[in-house]
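*Asks:* The structure follows.
The values are calculated or read from the model by the stated rules, or taken from the named source; none is laboratory data. Model, not experiment: these values are computed from the prediction. FYI the Cβ positions are ideal-geometry reconstructions off the backbone, even for glycines, and counts take in every protein chain you see. Remember, those area values only see protein heavy atoms, side chains included, never the ligands or the DNA or RNA. Shrake-Rupley method; radii C 1.70, N 1.55, O 1.52, S 1.80 Å.
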Amino acid sequence: MSRRNSVEAVPLEPAAETAGGVRPERKPRFAFRFELDPSSKAAPWWTPIASVIAALVVCGIFIGANGMNPITVYAKMLSGAFGSSFGLTETLVKAIPLLLCGLGVAIAYKIAVWNIGAEGQFAVGAVAATAVTIYFPEMPMWATIPLMIAFSVVAGGIWGLFTAIPRTYFQVNELISSLMLNYVGLLLLDYLVFGPWRDPKGFNFPGTPMFSDAQSLPLIGDTRLHLGIVFALIAVVLYALTIRYTRWGYELRLIGANTDAAHNAGINIKRHILIVMAISGGLAGLAGMTEVAGVAHRLSYGISPGYGYTAIIVAWLAKLHPVGLLVASFLFGGLIVGGYSVQTIGLPSAISEMIQGAILFFLIAGDMAAKFRLRRSA
Amino acid sequence: MDFTLQLIVAAISSGTPLLIATLGGILNERAGIIQLGTEGIMLMGAVTACITYLHTGSFVLTVLAVFAVSAVLGFVHAFMTVSLRANHIVSGLALTLFGAGLSAYIGKPISGTPLPATLPKLNLTFLDGIPVIGDIFGHLDILTWFSFLLVAAMHFFIHRTSWGLHLRAIGDNPATADVMGIRVQLFRYGYVVIGAMLIGLAGADLLLVNSPSWNEGMTAGRGWIAVALIIFARWNPFRALLCAYFFGALDTLGFRIQLTGSEIPSYFLKMIPYIVTILVLMFLGWRNKNKPSGSPEALGNPYIREQRF
C-alpha cells in the first residue's frame, strides 16, 4: 500500500495511471467509514440535549484543571438559578431580554440573514427608551411607557437597517457590519452614561438618574418580574402565527429554504431583508427598553451581560422553533444567574460564557454528526 | 519627529496585530475555509501569552505556548468544517464565543497585572543617521520585523511555488485539486491550523507590544476588523499590509486627536475604525458590483468526494 506523503512529488499533469479516467482505489485505513446518510434530513430532537451535556462535561474538565470541583460549581449554579423562588424569578427576568433578542436573531435567520448585532440593537433600544425619560420627564405613565416602547423599537430597527441596507445594496457581509455596529452602539451608550446623561447626584456612578415610577414597567405580584414578560410572550406567539399561517411567513420560509427559487417565484428578496432586519433590530431594541424600564430603572454602564451574543445560541439551540425559544431562553437565563451565583465562591461569571460557547460547538457538531452513518467498508 | 512620522510609526505598531491576524485569515480562506473565530483565537492567544510570560518570563516559551493553544483551536475548527462539514460561520462564531468566555475565565486572576517587560526592539543604530527611514525602521520590535518577512514569504509562497498553486487550487476548485492528487482534506486541516497559529500570535502581539496587561475582551473587535481586512485586501498579502496599516493609523488617530486637546469625546473617536470598516466595505461593494471580489471560489463549501476514506 503506497501513500503519497508529499504533494511535490505529484506532477501537475494527470499522471499516467489516472489519465484513462481510472483511478487506483486507495485502500481504506479503517474497516469502517463515515458516510453522509441521504435518508436523514433533520437532525434528531436529542442533539440539543446531548450538546448541553457534552458542553458541561468539557467545561467541567477546564474547571477541574483550574483546581475546582466541577460538581460543586455546577450544583452551585443549579441551585442559584433554579433552587429558590428568588433564583427562579431572576432566571425569568434574564430570560425576557434573551427571548426578545433570540426572536430577533431567529426571524433574521429564517431568511438566512446573520444578525449578530443584537447586542448593539439592545444598547440603542435602551438608550432610546432612556431618552424619553430625559427629555419628557413629567409625562404620565400611560404616555411614557408607550413612547418608550416606540422609541426603543424604532431605534433598534434603524440599527438593524444600518446592517440591512449595506447588505442589500452594497453586498456588504451582514456578519461584519452588524458586529461593528455592536461596538458603535455600546460606545454611544458609554458616552451618554459617562458624559451628558450622568446623574449629577450619582457620586460619579456611570449611570443616569433613577427612573420615576411612571417611567418604570409595572411589576408582577410581589416579585422583580416585570410586564416585559408579557411583551416577550406576545412576541413569541406573533412569531409562531406569522411564520406558520400568514402568506408573508410563507414567503420568509421560502426565501430561507431556497433563495433562488424564491427569487424566481417573484418574491422581492431585498425588501424582505430590509423589513426582517428592521423587525429583528426592533425586537432587540424592545429588549433594551424592558431591561432599563423593568429591571435596572436607569441606564448604566455594562447594562447587558452579553444578551445579544447569548441570543445567537438561544436561537440555534431552539432551532428557530417558538417553543424551543421559550425553553432555551429560560435555560440560558438560568445559566446567566448561575454564573452570578458562582461569584460567591470566588469564581468569575465568565464560566457561563464559556459553557455557552461550548454548547454551540457541540450543537453544530452533533447536528452534523447525526447525519453520518457508520458503514462497513466494502 | 513630526506628527506624520509619529503617526506612521504608531500605525505600524498598532497595525501589526491586525496584519498578522489578516495573514492568518488569508491562509485559511485561500484553502476555502471561512475563519470567523479570529476574535476568539486572538483573545486566547493574548491570555495564553500573558499567563506564560508572567510565569516563565521567557518570550520563546510564550510564543510556543501561544502557537500550541491556537493550533488546538484551529484544529477544532478544521474538524468541524472539514470532517463534519459543519457550517463555517456557526463554527467560527462558536469559536469566538468559547474563546471569549474561556479567556475571561482563565485570565481573571491575572487581569490588570502589568507585564514586567514588553517585546524587545531591534535597535538598528546604523539607520539612525538616515532621516525618514531611520525614524521608521530604526526601533521596531521583533514581531513587526517578523510580519514584514511573513508578508513577503506568503506572497512568494502563494504566487510563486507549486505548494502555493496547490493551495489556490484547494480553495478555488477542490475537485480539480483532488484529481491532481492533492489531498484536499489533509491540506485544509494544515492551513487552518497554521492560519490559527498566526491569528493567535496576533493576539499575543497585541498584548506583548501594544497593551502589556491582560483585560477581558481586550481585542475589542480587532479580530473582526481583521476578517473585514481580508476582503479589503482581496486575499492578497501585500494589500493586507497596506490595509492593516491604514486601520492601525485610524486606531491611533483617535488617541492622538485626544492628546491635542480636542473637544470631540473619545467615545466618538473610538467609533471611527468600526464605522470606516462598514463604509469601506460599502464602497468596495459599490465599485465591484459586477466584478469578481477575488475571493476563493469554493470559499465556505465543504468538499465531499464520493467514496473517500
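*Asks:* Tell me, what does the Kirkwood hydrodynamic radius of the range B:92-135 come to in angstroms if you use every pair of distinct C-alpha atoms?
*Replies:* For the range B:92-135, the Kirkwood estimate is 14.4 Å.
*Asks:* In Å², rounded to the nearest 100, what is the total accessible surface buried by chains B and A against each other with a 1.4 Å probe?
*Replies:* Roughly 5300 Å².
*Asks:* On to the next question. What is chain A's relative contact order, in percent, from Cα pairs under 8 angstrom and six or more apart in sequence?
*Replies:* Relative contact order of chain A: 35 percent.
*Asks:* Considering amide H positions built from the backbone, and no H for Pro or chain starts, which residues 5 or more places from residue B:140, or on another chain, come under 5 Å of its amide H?
*Replies:* Distant-sequence amide H within range of residue B:140: B:122, B:124.
*Asks:* Lys/Arg Cβ at +1, Asp/Glu Cβ at -1, dipole of the protein assembly as shown taken about the Cα centre: which of B:134, A:343, A:179 is farthest positive-ward?
*Replies:* A:179
*Asks:* Can you check what the net charge comes to around residue B:10, using other residues whose Cβ is under 9 Å from the Cβ of residue B:10 (Lys, Arg +1; Asp, Glu -1)?
*Replies:* Taking every Cβ under 9 Å from that of residue B:10, the sum is 0.
*Asks:* Bin width 20 Å, origin at 0, all Cα-Cα pairs of the protein assembly as shown: what percent of pairs per bin?
*Replies:* 17, 51, 29, 4, 0
*Asks:* Separate question: Among B:164, B:247, B:55, flag the residue with its Cα farthest along the positive direction of the charge dipole of the protein assembly as shown, charges on Cβ as +1 for Lys/Arg and -1 for Asp/Glu.
*Replies:* Looking along the dipole axis, the top candidate is B:164.
*Asks:* Considering every residue in B:269-281, what mean count of other chain Cβ atoms within 10 Å of its Cβ is obtained?
*Replies:* Mean inter-chain Cβ contacts per residue within 10 Å come to 5.
*Asks:* Kindly provide the helix-only [θ] at 222 nm of the protein assembly as shown, computed as the sum of -39,500 (n - 2.57) over DSSP H runs of four or more divided by all residues, to the nearest 500 deg cm²/dmol?
*Replies:* -22000 deg cm²/dmol
*Asks:* A further question follows. Give the dimensionless ratio obtained when the Cα radius of gyration of the range A:84-370 is divided by 2.2 N^0.38 Å.
*Replies:* Normalised Cα radius of gyration, the range A:84-370: 0.99.
*Asks:* Follow-up question, since we're still on this one. In terms of modelled amide H atoms, which long-range or inter-chain residues lie less than 5 Å from the amide H of residue A:226?
*Replies:* For residue A:226, the qualifying residues are A:220.
*Asks:* Return a whole-number percent for the relative contact order of chain B, with Cα pairs under 8 Å and 6 or more residues apart as the contact set.
*Replies:* So the answer I get is 38 percent.
*Asks:* Would you compute the Debye intensity of the range A:178-267 from its alpha-carbon atoms alone, equal scatterers and no solvent, and pass along log10 I(q)/I(0) at q = 0.15, 0.20, 0.21 Å⁻¹ to two decimals?
*Replies:* -0.90, -1.01, -1.03
*Asks:* Return the Cα extents of the range A:193-343 along principal axes one, two and three, sorted largest first, each rounded to a whole Å.
*Replies:* Result, largest extent first: 61, 34, 29 Å.
*Asks:* Please work out the average accessible area per residue across the protein assembly as shown, using the 1.4 Å probe convention, and give it in Å².
*Replies:* 43
*Asks:* Residues with amide H under 5 Å of residue B:34's amide H, sequence separation 5 or more or different chain, H placed in the peptide plane at 1.01 Å from N; which?
*Replies:* HN-HN under 5 Å from residue B:34: B:300.
*Asks:* Going down the table (A:270/B:289; B:108/B:270; A:319/B:270; B:270/B:291), which pairs top 27 Å between alpha carbons?
*Replies:* Beyond 27 Å: A:319/B:270; B:270/B:291.
*Asks:* Over the range B:176-216, with a single point scatterer placed on each C-alpha, what log10 of the ratio I(q)/I(0) does the Debye formula yield at q = 0.16, 0.21, 0.33 1/Å?
*Replies:* -0.55, -0.69, -0.99
*Asks:* Quick one: net charge around residue A:240, please, counting Lys, Arg +1 and Asp, Glu -1 for every other residue with C-beta under 15 Å from its C-beta.
*Replies:* That works out to +4.
*Asks:* Could you tally the net charge around residue B:233, taking each other residue with its Cβ under 12 Å from the Cβ of residue B:233, Lys/Arg +1 and Asp/Glu -1?
*Replies:* Within the 12 Å Cβ shell, the charges total +2.
*Asks:* Shifting gears a bit: Which whole number gives the average count of other chain Cβ atoms within 10 Å of the Cβ atoms across peptide B:223-230?
*Replies:* What the average comes to for B:223-230 is 3.
*Asks:* A follow-up question, please. Suppose we keep just the alpha-carbon trace of the range B:104-171; what are its Rg and Dmax in angstrom?
*Replies:* Cα only, the range B:104-171: 19.1, 48 Å (Rg, Dmax).
*Asks:* Another one. Looking at the range A:342-367, which residues lose a minimum of 40 Å² of accessible area between their chain alone and all protein chains in place, measuring with a 1.4 Å probe and not counting ligands or nucleic acids?
*Replies:* Buried-area filter returns A:348, A:350, A:353, A:354, A:360, A:361, A:364.
*Asks:* Give me the Å³ per residue figure for the convex hull around the C-alpha atoms of chain B.
*Replies:* Enclosed volume per residue, from the Cα hull, is 151 Å³.
*Asks:* Test of understanding: in a Gaussian network model of chain A with alpha carbons linked when under 10 Å, which of A:138, A:90, A:251 would top the mean-square fluctuation ranking?
*Replies:* Looking only at A:138, A:90, A:251, the biggest GNM fluctuation is shown by A:138.
*Asks:* Beyond 22 Å, what percent of the Cα pairs of the range B:202-294 remain?
*Replies:* 36
*Asks:* Stokes-Einstein D for the range B:125-279 at 20 °C, 1.002 mPa s, Kirkwood Rh over Cα pairs, in µm²/s?
*Replies:* In µm²/s, the coefficient rounds to 117.
*Asks:* Treating the angle as unsigned and between 0 and 90°, give the value, to the nearest 10°, between the Cα long axis of helix A:174-194 and the longest Cα principal axis of chain A.
*Replies:* Tilt relative to chain A: about 30 degrees.
*Asks:* In chain A, what percent of the accessible surface is made up of carbon and sulfur (1.4 Å probe, ligands and nucleic acids excluded)?
*Replies:* Solvent-exposed carbon and sulfur of chain A make up 66 percent of the total.
*Asks:* Using a 10 angstrom cutoff on alpha carbons, build the Gaussian network for chain B and name the most mobile of B:22, B:277, B:144.
*Replies:* Comparing B:22, B:277, B:144 in a Gaussian network model of chain B, the most mobile one is B:277.
*Asks:* Take chain A, connect every pair of alpha-carbon atoms lying under 10 Å apart with a spring to form a Gaussian network, then pick out the residue of A:304, A:216, A:84 with the largest mean-square fluctuation.
*Replies:* With Cα springs under 10 Å in chain A, the top fluctuation among A:304, A:216, A:84 is at A:84.
*Asks:* Find the Cα radius of gyration of the range B:39-121, compare it with 2.2 N^0.38 Å by division, and give the number to two decimals.
*Replies:* 1.21
*Asks:* For the range B:259-274, just list the computed ³J(HN,Hα) in residue order, Karplus coefficients 6.51, -1.76 and 1.60, θ = phi - 60°, integers in Hz, with x standing in for Gly and Pro.
*Replies:* Couplings: 4, 6, x, 6, 7, 5, x, 4, 4, 6, 5, 5, 6, 3, x, 5 Hz.
*Asks:* Working from Cα positions, state the angle (0 to 90°, nearest 10) between the long axis of helix A:269-290 and the longest principal axis of chain A.
*Replies:* So the helix axis and the longest Cα principal axis differ by about 50 degrees.
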